[in-house]
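The values are calculated or read from the model by the stated rules, or taken from the named source; none is laboratory data. Just so it is clear, the structure is predicted and the values come from calculations on it, not from any experiment. Here Cβ is always computed from backbone atoms with ideal geometry, including for glycine, and neighbour counts include all displayed protein chains.
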Amino acid sequence: MPDEAFREEFKPLYVPAYYEAAHSDENKIIYALAQLGEGATEDVIAELAKHDPGIDKEKYKLIAASVLNNLYNKGLINGTTMQGNIQYNLSKITEENSGSVNPQLLAPGLD
């Protein structure tokens, strides 16, 4: 795969700040997952329905399963298998690092 194609395929995940009916299906699904924090495909569909009650849930079930599985396989989102279903999440850091840095261990010029 050429470098440019690789960069496009594995670019960082864009998480929309708000729901917009004109967004792509992928962006709608990512937005719904971000609102949930973690959830299976069915949970994402339920969240989408809150923002757009007129969606075709059966159609979006297939789209969401495909999008989430594709992002998971690329390593752009995380997931854990529970009772045969994958619970997807965006791997957001929710707690600050409590560690410290020893300046003596830094490479020269990094302190």
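Close contacts from the stretch 66-78, counting a first residue that is in contact (Cβ under 8 Å) with a residue 12 or more places away in the chain and a second that is among the aromatic types (Phe, Trp, Tyr) and in a helix (DSSP H, G or I), with Cβ to Cβ under 8 Å and a gap of 6+ residues or different chains, come to ASN78/TYR72.
Test VAL44 against the stated conditions and say whether it is at pLDDT 95 or above, in contact with an Asp or Glu (Cβ under 7 Å, 6 or more places away or on another chain) and closer than 22 Å to ASN85 by Cβ.
It is false that VAL44 is at pLDDT 95 or above, in contact with an Asp or Glu (Cβ under 7 Å, 6 or more places away or on another chain) and closer than 22 Å to ASN85 by Cβ.
Scanning the stretch 83-111 for residues that are modelled with pLDDT of 85 or more and either surrounded by 12 or more Cβ atoms within 10 Å (Cβ to Cβ) or not in a loop (DSSP other than H, G, I, E, B) (or both) yields ASN85, ILE86, GLN87, TYR88, ASN89, LEU90.
Scanning the stretch 49-85 for residues that are closer than 30 Å to PHE6 by Cβ and not hydroxyl-bearing (Ser, Thr, Tyr) yields a count of 16. Scanning the stretch 27-82 for residues that are among the small types (Gly, Ala, Ser) and in a helix (DSSP H, G or I) returns ALA32, ALA34, ALA46, ALA49, ALA64, ALA65, SER66.
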